[in-house]
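Remarks on the structure that follows.
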Amino acid sequence: MAQTTLATTFKDAKIEISIDNSSFTDISGVANKVEVSGGEREVSDTFTAGTDTPIVLSGRRASLDITSNILWTADTGASDPEQIVRAAYEAATSFYIRWSPKGGDSGEAIYASRGVGVVTTPMYGFGDAASADPMLMEFTCKVPYIDASTVA
């Protein structure tokens, strides 16, 4: 197979959040990471008499955790990403996140949480006075699954 010429970085990614899966807030200007974990599929190994190899059966998938970091800012307005995420966590309301690694233009890949998600980790200001690093606020959203598609 020939070496790809289509590899990319995450520097142009578009990352958006929503509490209603309709009106999305672009957090690309303050977000610096999207990480997905979980989703393992249950698998069983069953042996029968007189054999040396198992029968392997697949089961259901586990939920996924989507973790993102945003830079803390002094903005306390209702449209600030930190305020949106924290409010969703504190009120246990629905939460959705989607991202397009190349910027979200028509025809590009997009990944979107599907089903109602829930913010599972809080976002409160913290930091290290001895560090020059920006304050990052990490949050995690648990979702049923992620849909991979193309931006219309």
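The values are calculated or read from the model by the stated rules, or taken from the named source; none is laboratory data. Here the structure is a predicted model, which is why all the values come from computation and not from measurement. In this analysis, Cβ positions are derived from the backbone assuming ideal geometry, glycine residues included, and neighbour counts consider all displayed protein chains. Ligands, DNA and RNA are excluded from the accessible area calculation, which covers all protein heavy atoms including side chains. Shrake-Rupley method; radii C 1.70, N 1.55, O 1.52, S 1.80 Å.
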Search the stretch 117-132 for residues that are under 27 Å from Val36 (Cβ atoms) and pair each with any residue that is exposed (fewer than 12 other Cβ atoms within 10 Å of the Cβ) and charged (D, E, K, R) when their beta-carbon atoms are under 9 Å apart and the residues are at least 6 apart or on different chains.
Val119/Glu90; Pro122/Glu90; Gly127/Asp133
Which ones in the stretch 55-72 are surrounded by 12 or more Cβ atoms within 10 Å (Cβ to Cβ), touching an Asp or Glu at 6+ places or on another chain (Cβ under 8 Å) and modelled with pLDDT of 95 or more?
Arg61, Ala62, Ile66, Thr67, Ser68
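Here are some residues: Met123, Met137. Which one is of a type in the set (A, V, I, L, M), in a loop (DSSP other than H, G, I, E, B) and surrounded by 13 or more Cβ atoms within 10 Å (Cβ to Cβ)? Quick ask: steps written out before the conclusion?
On the way: Met137 fails: in a loop (DSSP other than H, G, I, E, B).
Being of a type in the set (A, V, I, L, M), in a loop (DSSP other than H, G, I, E, B) and surrounded by 13 or more Cβ atoms within 10 Å (Cβ to Cβ) holds for just one of Met123, Met137, which is Met123.
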Consider Arg60 against the criteria (1) assigned to a strand (DSSP E or B); (2) in contact (Cβ under 8 Å) with a residue 60 or more places away in the chain: it satisfies all of them except one. Which criterion is unmet?
(2)
Got a sec? Which of Ala112, Ala88 is open to solvent by less than 70 Å² (accessible area, probe 1.4 Å), of a type outside the set (Phe, Trp, Tyr), in contact (Cβ under 8 Å) with a residue 12 or more places away in the chain and in a helix (DSSP H, G or I)?
Ala88
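Considering only the stretch 15-35, how many residues are among the acidic types (Asp, Glu), in a strand (DSSP E or B) and open to solvent by 40 Å² or more (accessible area, probe 1.4 Å)? So that I can check it myself, show each step before the final result.
So in the stretch 15-35, the residues among the acidic types (Asp, Glu) come out as 16, 20, 26, 35.
Next cut, in a strand (DSSP E or B) only: 16, 26, 35.
The next check asks that each one be open to solvent by 40 Å² or more (accessible area, probe 1.4 Å); those that pass are 26, 35.
Residues in the stretch 15-35 being among the acidic types (Asp, Glu), in a strand (DSSP E or B) and open to solvent by 40 Å² or more (accessible area, probe 1.4 Å): 2 in total.
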Out of curiosity, is Lys102 among the basic types (Lys, Arg), open to solvent by 50 Å² or more (accessible area, probe 1.4 Å), within 19 Å of Ile27 (Cα to Cα) and modelled with pLDDT under 95?
yes
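Condition (residue is touching a residue at least 12 places away in the same chain (Cβ under 8 Å), within 23 Å of Gly125 (Cα to Cα) and among the aliphatic types (A, V, I, L, M)) applied to the stretch 38-49: is it met by at least one residue? Steps first, answer last, please.
Going residue by residue through the stretch 38-49, those that are touching a residue at least 12 places away in the same chain (Cβ under 8 Å) are 38-44.
Narrowing further to those that are within 23 Å of Gly125 (Cα to Cα): none.
No, the stretch 38-49 contains no residue that is touching a residue at least 12 places away in the same chain (Cβ under 8 Å), within 23 Å of Gly125 (Cα to Cα) and among the aliphatic types (A, V, I, L, M).
Pick out the one residue from Asp12, Asp75, Asp52 that is part of a loop (DSSP other than H, G, I, E, B), touching a residue at least 12 places away in the same chain (Cβ under 8 Å) and either open to solvent by less than 40 Å² (accessible area, probe 1.4 Å) or charged (D, E, K, R) (or both). I'd like the intermediate steps shown before the answer.
Numbers: Asp75 fails: touching a residue at least 12 places away in the same chain (Cβ under 8 Å); Asp52 fails: touching a residue at least 12 places away in the same chain (Cβ under 8 Å).
The match here is Asp12.
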